[in-house]
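The values are calculated or read from the model by the stated rules, or taken from the named source; none is laboratory data. As the structure is a computational prediction, the values presented were derived from the model and not from experiment. Counting neighbours? That spans all protein chains shown, and the Cβs are built from the backbone with ideal geometry, glycine included.
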């Protein structure tokens with residue numbers, strides 16, 4: 001009976017503590033996290049009082065006085081410890097619905113066996129830090145392409161590296177100084193005629209000069225925009241798209257300078273360049289689709305009769321192959337080719353019937 005009375009008294013004290021907290025905050029209801037924290041504080045206080053009474057009963061009087069002196073001497077350290085503890089408790093305060101929602105978003109269990117609110121908060125912080133680190137690692141991988149959009153500290157260094165790479169490219173075999181004048185008309189007619197004859201003989205140089213010139217002109221147009229346009233969301237996306245295109249098309253430029261463009265890709269790129277210069281962007285788009293996707297309506301090898309591979313069949317398969325799916329590098333520089341074709345169409349004055357919608 002006495003044990004039952006003690007339990008009832010303890011419950012009454014807990015209820016009174018909750019009621020006092022509710023009246024002090026002048027709110028109609030308390031959150032579950034606040035009720036749990038109050039109950040934990042009450043249990044800790046009762047346990048401390050019980051341990052203190054037990055120590056006083058067991059210890060002799062001389063030992064008790066020594067303990068009191070030591071407690072008086074260690075008063076500042078104890079106060080600092082309690083301040084740090086209260087600071088940790090204040091950091092751990094988070095409403096129960098928010099805590100539950102964040103744990104569910106991270107795919108973690110809401111409550112583990114024997115876990116308090118403080119332990120739950122510490123587990124949430126650890127999981128969030130691990131998730132952020134893993135996300136940065138995934139973004140930084142980049143398929144061997146420099147990811148300029150992750151990490152803001154090295155932005156200037158990356159820009160300097162890109163400028164150095166551009167200077168090195170321009171100093172190599174192909175000179176693209178006159179490429180940006182595709183629509184500017186800054187060169188003499190005789191030199192244009194000579195360059196045209198030279199490019200007809202050298203398709204690698206033709207492809208390099210055209211796309212390099214378009215890229216330089218696109219970069220210049222973006223740099224000449226007013227500041228209020230650059231600060232908008234669309235303006236920032238346009239800059240990122242241009243920089244990504246610049247990174248992705250570098251392998252094609254290297255292949256052109258080394259004259260190692262695959263023989264089944266180079267003729268179609270030459271057709272695209274010629275159609276873009278003539279203003280026939282619909283025909284250029286058709287040539288790009290044949291290059292990237294191919295013109296096979298279905299897998300021919302499945303429908304053919306016979307089990308042996310023959311010479312004619314190999315030629316058919318090679319002509320109708322989709323080159324964009326060969327590897328990641330080809331997919332990226334062919335995507336950049338399409339972006340430069342769209343930019344060339346946007347700056348040209350041609351009839352609507354010759355444009356790609």
Show the residue pairs that are 6+ apart or on different chains and have beta-carbon atoms under 9 Å apart, the first residue being within the range 9-27 and over 14 Å from residue 39 (Cα atoms), the second being part of a helix (DSSP H, G or I) and at pLDDT 75 or above. 25/34
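Conditions tested, residue by residue: (1) under 28 Å from the mean Cα position of the chain (by Cα); (2) part of a loop (DSSP other than H, G, I, E, B); (3) modelled with pLDDT under 55.
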position	(1), (2), (3)
174	no, yes, yes
193	no, no, no
197	no, no, no
212	yes, no, no
222	yes, no, no
234	yes, no, no
243	yes, no, no
253	yes, no, no
The one condition residue 287 fails out of (1) surrounded by fewer than 16 Cβ atoms within 10 Å (Cβ to Cβ); (2) not in a loop (DSSP other than H, G, I, E, B) is (1)
Specify which of the listed residues (282, 273) is in a helix (DSSP H, G or I), over 32 Å from the mean Cα position of the chain (by Cα) and surrounded by fewer than 18 Cβ atoms within 10 Å (Cβ to Cβ). 282
Give me a count of the residues in the range 101-131 that are over 25 Å from the mean Cα position of the chain (by Cα) and either closer than 19 Å to residue 38 by Cβ or not in a helix (DSSP H, G or I) (or both). 13
Taking interchain pairs and intrachain pairs at least six residues apart, which have beta carbon atoms under 9 angstrom, with the first residue in the range 216-227 and farther than 13 Å from residue 245 by Cβ and the second modelled with pLDDT of 90 or more and not in a helix (DSSP H, G or I)? 221/347
Some residue of the range 314-335 being modelled with pLDDT of 90 or more, within 36 Å of the chain's Cα centre (by Cα) and surrounded by fewer than 18 Cβ atoms within 10 Å (Cβ to Cβ): yes
Select from the range 239-254 the residues that are under 22 Å from residue 201 (Cα atoms) and touching a helix residue (DSSP H, G or I) at 6+ places or on another chain (Cβ under 8 Å) and list them in ascending order. 252, 253
Cβ contacts < 8 Å: first residue at positive phi and in contact (Cβ under 8 Å) with a residue 24 or more places away in the chain, restricted to the range 238-262; second residue assigned to a helix (DSSP H, G or I) and surrounded by 18 or more Cβ atoms within 10 Å (Cβ to Cβ), any location; separation 6+ or different chain. Result? 259/204
